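Data block below; observations after.
The values are calculated or read from the model by the stated rules, or taken from the named source; none is laboratory data. Treat the numbers as computed from the prediction; the structure is a model and nothing was measured. Reconstructed Cβ throughout: ideal geometry from the backbone, glycine too, with neighbour counts over all protein chains shown. Heads up: the accessible areas ignore ligands, DNA and RNA and are worked out on the full protein's heavy atoms, side chains in. Shrake-Rupley method; radii C 1.70, N 1.55, O 1.52, S 1.80 Å.
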Amino acid sequence: MPLPTPNGQSNSSSPKTGGKVGLPSHIGLIMDGNGRWALKRGLPRFEGHRRGVEALRQAVKLASELGIKYLTVYSFSSENWSRPKEEIQDLMNLLKKFIRDDLENLRKSDVNIRIIGDREDLNLDIRNLLIESEDATKENKGLNLQIAFNYGGRQEIARAVRRIAKEVQDGHLALNQINPSLIETFLDTVGVPDPDLIIRTSGEQRLSNFLLWQSAYSEFVFLPMNWPEFNRAAFELALGEYTHRKRRFGGLNTVEAVE
């Protein structure tokens, strides 16, 4: 399927006029349905997560090939800690394996890795792996792969509010300086444009605490397949649907403005 080229900016149509758009410059992925994929096949949930990692590798490769500038993936949420301990350990082991096996290829592919989420309570070995992946790719200029790990949108906003309150308490900020632009500078995603498109697999139609602030004007595509089934055709389907949307950002498109 022929696809247009990516937009140079995340807000790919004018907030004043709206209009059809090219490819998104920033895509968010909610990779849902690993366990359901495994259950349908009589396989352990771990196998679903393992196949999910393979789908992630392909998604990163496709995003790079298409010239997508930013890709944010929801790898492990703040709420996932409530899962059985054995499954959590399997997920941590998969993370370690992904970094060990893929980091060098990502570095050579000019992928820049950034981790968002709360690191304070993570085990030292996991924290060190996250730091290693960022340090190894920090000079890269290609795809910006933002991995949301131990991440929750509400928790991110709460962390930002605490930091802002501390700045006010210390006399570095006045209350009348607090506005949306300032708040964004205290978020985990500071310096990264908001996602143009968020894709979620498994048929569920909700954000599940993913990029709550940043997705205010994102377009959403919900796919009925489970994440291990995500492939080039699914990616192109979602991108094709996105390119036919009209983004108004609360304003009017050109025809509506004239009428």
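Please work out if R50 is in contact with a helix residue (DSSP H, G or I) (Cβ under 8 Å, 6 or more places away or on another chain) and open to solvent by 80 Å² or more (accessible area, probe 1.4 Å). When the stated conditions are applied, R50 passes them.
Scan segment 162-182 and tell me whether some residue there is within 30 Å of I88 (Cβ to Cβ) and either out of contact with any Gly (no Cβ under 7 Å at 6 or more places or on another chain) or at pLDDT below 95 (or both). Checked segment 162-182: at least one residue is within 30 Å of I88 (Cβ to Cβ) and either out of contact with any Gly (no Cβ under 7 Å at 6 or more places or on another chain) or at pLDDT below 95 (or both).
The one condition from (1) more than 20 Å from F220 (Cβ to Cβ); (2) hydrophobic (A, V, I, L, M, F, W, C); (3) assigned to a loop (DSSP other than H, G, I, E, B); (4) open to solvent by less than 10 Å² (accessible area, probe 1.4 Å) that A38 does not meet is (3). Looking only at residues in segment 160-211 that are more than 30 Å from K40 (Cα to Cα), among the polar types (S, T, N, Q) and without any contact (Cβ under 8 Å) to a residue 24 or more places away in the chain, the one that is surrounded by the fewest Cβ atoms within 10 Å (Cβ to Cβ) is N176. Looking across segment 85-118, the residues that are hydrophobic (A, V, I, L, M, F, W, C), part of a helix (DSSP H, G or I) and touching a Ser or Thr at 6+ places or on another chain (Cβ under 8 Å) come down to L95, I99, L103, L106. When we screen L145, L124, L130 for residues that are farther than 18 Å from G28 by Cα and crowded, with 16+ Cβ neighbours inside 10 Å, the only hit is L130.
Checking the structure you have, find out if any residue of segment 134-144 is among the small types (G, A, S), touching a residue at least 24 places away in the same chain (Cβ under 8 Å), in contact with an Asp or Glu (Cβ under 7 Å, 6 or more places away or on another chain) and part of a loop (DSSP other than H, G, I, E, B). Within segment 134-144, one or more residues are among the small types (G, A, S), touching a residue at least 24 places away in the same chain (Cβ under 8 Å), in contact with an Asp or Glu (Cβ under 7 Å, 6 or more places away or on another chain) and part of a loop (DSSP other than H, G, I, E, B).
Listed by position, the helices (runs of 4 or more DSSP H) inside segment 159-259 whose residues that are of a type in the set (V, I, T) number at least 3 are 254-258. A55 is checked against (1) more than 18 Å from P195 (Cα to Cα); (2) under 14 Å from the mean Cα position of the chain (by Cα) and fails just one. What number does that condition carry? Result: A55 passes all but (2). Look at segment 58-81: where a residue is on the phi > 0 side of the Ramachandran plot and a partner is among the polar types (S, T, N, Q), sitting 6+ places away or on another chain with Cβ atoms under 8 Å, you get G67/T5. Put simply, of I113, I126, I157 the only residue that is within 17 Å of S75 (Cα to Cα) and within 19 Å of the chain's Cα centre (by Cα) is I113.
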